[in-house]
Amino acid sequence: MSMVQAPLPATKAESTSASVVGGGRQGRGISLLKARPWLLLAPGLIILAVLMLWPLVQVVIYSLQDYGLREINTGENNWIGLENYAEALTNPTLWTVVLPNTVGFAAVAVFVTVAVGTLVALLLARLGTTWRVIVSSCIMVAWAMPAVTGTYVWTFIFDADRGIFNSVLKDLGLMDGSVNWFTNQWSFYAIVLLNVVHHGFPFVAITVLAGLLGVSKEMLEAAALDGAGAWRRFWKIIFPTLKPVFSVVIILSTIWDFKVFAQVYLMPGGSGGNRSVLNLGVWSYVESFGQNRYGFGAALAVLLTLVLIGITIVYIRSLMKEDEL
C-alpha cells in the first residue's frame, strides 16, 4: 500500500524569492499603468514638438542674430546676442504706440465680448428649446466666419466712398461729406473692436449658456420670491456659481484678443501705413517682412510669445483650481 507524502513546507529562501518575483511584476505593472497616459499622448506631443516647438526654437535663434536678406542668401550667421531685445525694449514705439494699443485693446475687447456674450446667454436661457436651438445656430455662424472674411465685411461697411455707415449718416443729415474712419487711431480700433466682438461673443454665449442651464432654478425662484431683482440674482447666485466658467472664458478671450492680427493688418492702414495703429503682432510682421529685419521681428515675436505663455499659465492654474473644487 503506497502512502501519499505531504508536501514539504516552503523554505524561507523560496518564500523570499517568490515574494521578490511577485513584487517585481507588481512594480512593473504599476510603472506601466503610470506610463500609459504618456504613451497615449506621445504621438500628439511628437507632432506638436515638430510643428510648434522646433519653429519656436528657430525664431529664438533668429532673434539672437542680425538676420536679413544678406544672411538668407549667403547662409551666414551674424550673432549679436540680445541686441534685438534691447532695441525693442528701448524703442519708444513699443511703449507709446504698440503696447498701449495691444494691452488697451485686449482689455476693452475682453470686457465687451464677455458682457455681450453673457447678455446673449441670459436671453437664450429664457427661450424655449426650439427657439434656443434656432438662435444659437444663427449666432454660431458669426463664430464660424473666418477672420479674414469678417474683416473685409466690416471694412466695406465703413468704407469712405461706398460704405453703408457713411451713406446712412449722410442720408440722415448728420454729416456733409464722407469720412475716412480708418485714419484715426480711435475710430480704427473701434471698428476692430466691433469685428472682434462680433466674431468672439458666440463662444462666450454658448459657454455661459451651458453653465446657466446647470444653475438651480429653485434657488433663483426662491430669491425672486424674497424680492431679489434680476440684477441682484445675477450677482448673488448666477455669477458665484459660474465663476469658474467666467474665469476660463475671460482668460481664453484675453489670449485671443492679445494676439489679434488679421483684424488689424487687413484694415486700411493697418499693415504699417498708419504707424499709430500698430499692435505687437502686426509690428513684428511689418519689421520682419516689410523691413526685411527678420532678427528684430523674431525678437518681437518672442516677446509676444512670452506674454501669451504667462497668460496661459494663469489659465492652466485656474483650471487646476476648478478641478480641486
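Quick one: check the C-alpha center-to-center distance for segment 93-127 versus segment 259-317, whole angstrom.
19 Å
Could you tell me the largest-minus-smallest coordinate of the C-alpha atoms of segment 96-220 on each of the three principal axes, in descending order and whole angstroms?
56, 38, 27
What is the spread of the Cα atoms of segment 259-325 along each of their three principal axes, largest first, in whole Å?
Sorted from largest, the Cα extents of segment 259-325 read 50, 26, 15 Å.
Using a probe of 1.4 angstrom, how much of the accessible area of the chain is carbon and sulfur, in percent?
Working: 13710 of 20090 Å².
Whole-percent figure for carbon plus sulfur exposure: 68.
If you take the Cα atoms of segment 87-138, find Rg, then find the Kirkwood Rh from the mean of 1/r over all pairs, what is Rg/Rh?
Rg/Rh for segment 87-138 comes to 1.39.
Return the inverse of the average 1/r over all pairs of distinct C-alpha atoms in the chain, which is the Kirkwood hydrodynamic radius, in Å to one decimal.
Its Kirkwood hydrodynamic radius stands at 24.9 Å.
Diagonalise the Cα gyration tensor of segment 220-282 and give the resulting equivalent ellipsoid semi-axes, square root of 5 times each eigenvalue, largest first, whole Å.
Output for segment 220-282: semi-axes of 43, 13, 7 Å.
Taking the Cβ-Cβ separation of Cys138 and Leu194 as r and a Förster radius of 25 Å, what is the calculated FRET efficiency to the nearest 0.05?
Efficiency at R0 = 25 Å is approximately 0.85.
Report the local net charge at Ala106: Lys and Arg +1, Asp and Glu -1, summed over other residues whose C-beta lies under 10 Å from its C-beta.
For residues surrounding Ala106, the net value is 0.
Lys and Arg at +1, Asp and Glu at -1: add these up for the other residues within a Cβ distance under 10 Å of Gln65 and post the number.
Net charge around Gln65: -4.
If packing is taken as the average count of other Cβ atoms within 10 Å, what order do 137-145, 57-65 fall into, highest mean first?
57-65, 137-145
Once ligands and nucleic acids are excluded and a 1.4 Å probe is used, how much of Ile309 is accessible, expressed in Å² to the nearest 10?
Ile309 exposes around 80 Å² with every protein chain in place.
Explain nothing, just the number: dipole magnitude of the chain about its Cα centre with +1 on each Lys and Arg Cβ and -1 on each Asp and Glu Cβ, in debye rounded to the nearest 20.
Dipole of the chain, to the nearest 20 debye: 1080 debye.
Report relative contact order for segment 155-219 in percent, whole number only (criteria: Cα-Cα under 8 Å, sequence separation at least 6).
17 percent
Could you tell me the relative contact order of the chain? Use alpha-carbon pairs under 8 Å, at least six residues apart, and round to a whole percent.
Relative contact order of the chain: 26 percent.
If you roll a 1.4 Å probe over the heavy atoms of the protein chains, what accessible area per residue do you get for segment 218-314, in Å²? Spell out each step's value before the answer.
Details: 4650 Å² over 97 residues.
For segment 218-314, the solvent-accessible area averages 48 Å² per residue.
Of all alpha-carbon pairs in segment 190-325, indicate the percentage at a distance above 27 angstrom. Working shown, then result.
Values: 3824 of 9180 pairs.
Percentage above 27 Å: 42.
Based on the alpha carbons, how large is the Rg to Rh ratio for segment 145-190 when Rh follows Kirkwood?
1.02
The values are calculated or read from the model by the stated rules, or taken from the named source; none is laboratory data. In this text the structure is predicted, and so the values were computed from the model without any measurement. Heads up, the Cβs are rebuilt from the backbone with ideal geometry, glycines too, and the neighbour counts pull from every protein chain shown. Ligands, DNA and RNA are excluded from the accessible area calculation, which covers all protein heavy atoms including side chains. Shrake-Rupley method; radii C 1.70, N 1.55, O 1.52, S 1.80 Å.
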